[in-house]
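One structure is given here, and the rest of the page talks about it.
The values are calculated or read from the model by the stated rules, or taken from the named source; none is laboratory data. The structure presented is a predicted model; accordingly, all values stated were derived computationally and were not measured. Because the Cβ atoms are built from the backbone with ideal geometry, glycine has one as well, and the counts that use them run over all protein chains shown.
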Amino acid sequence: MSREFYLKLLGPIQLIDPNGRDRLPETCGEKTKGLLALLAVLGDRPCSRAMLQDKLWSDRGQKQGRNSLKQALTQLRKAFGADAHTAIQSNGGPIYLDRQNLKIDIFENGSERAGNTIYPKREFLEGIDIADPQFNHWLVEMRTNLAEPSLEQSIAVSDIQAAANAAPVSIGLFPSATDSSDLKAQITAGIIVDRIATGLRYYELVDVHDFREIDGEGDRGCDLLFSCKAVSLADVVSLSFSLRRVGDQMLVWSRQVNLELASLQSFRVSQVTADLVEQIIDRSFKPDIGIQSELHQAARNLLGGIDRLLRRSEPTVDEAINQLIVASELHQTSSAFAWRAYALAHRLEAGSSCVQELREQADALAAKAIETDPYSPLSRTLLTHVYGFVVRDFDRASSLIDPLRHDEPDLPLYHYVKGFLHVYMGEYASARSSGENAMRLGRSHPYNYLFSCLSLAANALSGDFQTAIRIGKQSLKQQSPGTFAFPPTLRYLAASHSNAGDERAAAELFGRVLKRNPDFSLERMDELGAPFPSDDVRQFLRDSLSGAQRSYVRFGGLIRT
């Protein structure tokens, strides 16, 4: 920026140009003014687009929030006029305001002077009217911080800086190589790539830089480049995806998908998106990708802890939890704290003698995750299970997941968690629907046995025991060879065989329940720490497993009492 501007944040916000004219009234709406204030407080630290969306459009879906942010940036560039290209720095990813030739009143002592006008200190962003709870929370915090003796220190520890921390990997979305005359291919590629970008952001592990709307290549400033080429033939579009390292252009991942145009409004798009996002996340955090930062190591610890927890290849969940703790200490994201809280559900499932302490730990971690980012879809999904299964506060669990239903993420885990909440609340038809969605989205997921288990439970509780048995057998086969069987799968499958009258199969499954958990007994199902949040579920399993137990005795089993 070659000319000096003056930004007034105390009192009504104003952007005074070198001629003493306020540039905001003619170009900017209220949320654009809020965006300018956010960027100004952040200084020259790049701010992720996801965080800005959450601060100003937290009540919108991801796509709508992304479009609104683009419109606000366009308005802000108009306010700076010819100086916009240097004032607002962004290469399609994180954004920051260049303060080299921009004076900001809150960072200067006493009264401020712009031209011949003196501005006494007044209320921060006086009169601003933005109907977004997250922005207003930040506004209250800033007004409180401005009352502190050291403004710079107060802002340095504010949540806006924490939310703006760089992600472990940055991926640039390269302009499509699709023929501009192939409209079908162009539209299809745009839809899929947009949804992939949204899916990647859910994990809080990736900064997505969108180069598709930037003239030329720009300053890439990212680790990997994602590209898509699409070609249409009749009513089918063939899409080729690739991921390359920026430094040496080495191809690290590729995939080809064929989509029928008729499927663009169906669940098929969600299936494709979920599958591709999982593959990209998995590949981006392999050690051989060549990124050796502390944040990348933190992400590998996080993903390793999740894998250890959900693959069930360990005798306890302790090692998984320790790995998640290391990850959250290296990179304090909302989802890292949420995964730690979620892991406590598996500790409860494995049996715990300190149930109240475990619930207090889960509640504290959940509070930390929400404080770090109250609008993270992944965190809200994980914490729904924490409050439903561990804390057993169904109202709180519902309040966390309900906002996501208006713009459902392409996360099989979301449908899994929502489905089990339906199970706990006795809404079995809805649970079956969620189970079907989770299984379809997670068909290629390494933890797909979880999603099958939901469908098994929902069908068993609905009385469709033959479907439950078929899905339960599938769930057992989906687990990695040599790993421990998921206890809920064993229980619901044994219960289904018992209700279907297959005594031998019920006896065999009940024996596996005892082998998996030697301390299990029907009497202990009423204990405080028993993994049955719902009285109806507990009663169903008690009645059904009592029949399986009788069959086990009849076929020569030894029952522990």
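Key figures
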read-out	value
Unmet requirement for residue 346, which otherwise passes all of (1) at pLDDT 95 or above; (2) surrounded by fewer than 24 Cβ atoms within 10 Å (Cβ to Cβ); (3) touching a Leu at 6+ places or on another chain (Cβ under 7 Å)	(1)
Members of the range 11-61 that are part of a helix (DSSP H, G or I) and modelled with pLDDT under 85	42, 49, 50, 51, 52, 53, 54, 55
Helices (runs of 4 or more DSSP H) lying entirely in the range 346-441 (those with 3 or more residues that are farther than 27 Å from residue 270 by Cα and not assigned by TED's automatic domain parsing to the domain that holds residue 194)	355-372, 394-401
In the range 175-209, the residues that are in contact (Cβ under 8 Å) with a residue 24 or more places away in the chain, farther than 17 Å from residue 277 by Cβ and assigned to a loop (DSSP other than H, G, I, E, B)	175, 176, 177, 178, 179, 182
Tally, over the range 511-533, of residues that are closer than 16 Å to residue 354 by Cβ and polar (S, T, N, Q)	0
Selection status of residue 472, in contact with a helix residue (DSSP H, G or I) (Cβ under 9 Å, 6 or more places away or on another chain), among the small types (Gly, Ala, Ser) and part of a loop (DSSP other than H, G, I, E, B)	no
Residue 297, sole failed condition from (1) loosely packed, with under 15 Cβ neighbours inside 10 Å; (2) modelled with pLDDT under 95	(1)
Lone qualifier among 248, 235, 223 - being surrounded by fewer than 13 Cβ atoms within 10 Å (Cβ to Cβ), at pLDDT below 95 and farther than 24 Å from residue 440 by Cα	248
Of residues in the range 377-419 being crowded, with 24+ Cβ neighbours inside 10 Å and of a type in the set (S, T, N, Q), the one nearest to residue 52 (Cα to Cα)	379
Residue within the range 454-475 that is within 21 Å of the chain's Cα centre (by Cα), at pLDDT 95 or above and of a type outside the set (Phe, Trp, Tyr) present	yes
Residue match in the range 449-459 (condition: in the same structural domain as residue 536 (by TED's automatic domain parsing) and surrounded by fewer than 20 Cβ atoms within 10 Å (Cβ to Cβ))	no
Members of the range 239-256 that are in contact (Cβ under 8 Å) with a residue 24 or more places away in the chain and assigned to a strand (DSSP E or B)	239, 241, 243, 245, 252, 253, 255
Residues of the range 280-328 classified as part of a loop (DSSP other than H, G, I, E, B), under 29 Å from residue 172 (Cβ atoms) and either of a type in the set (Ser, Thr, Tyr) or in contact (Cβ under 8 Å) with a residue 60 or more places away in the chain (or both), total	3
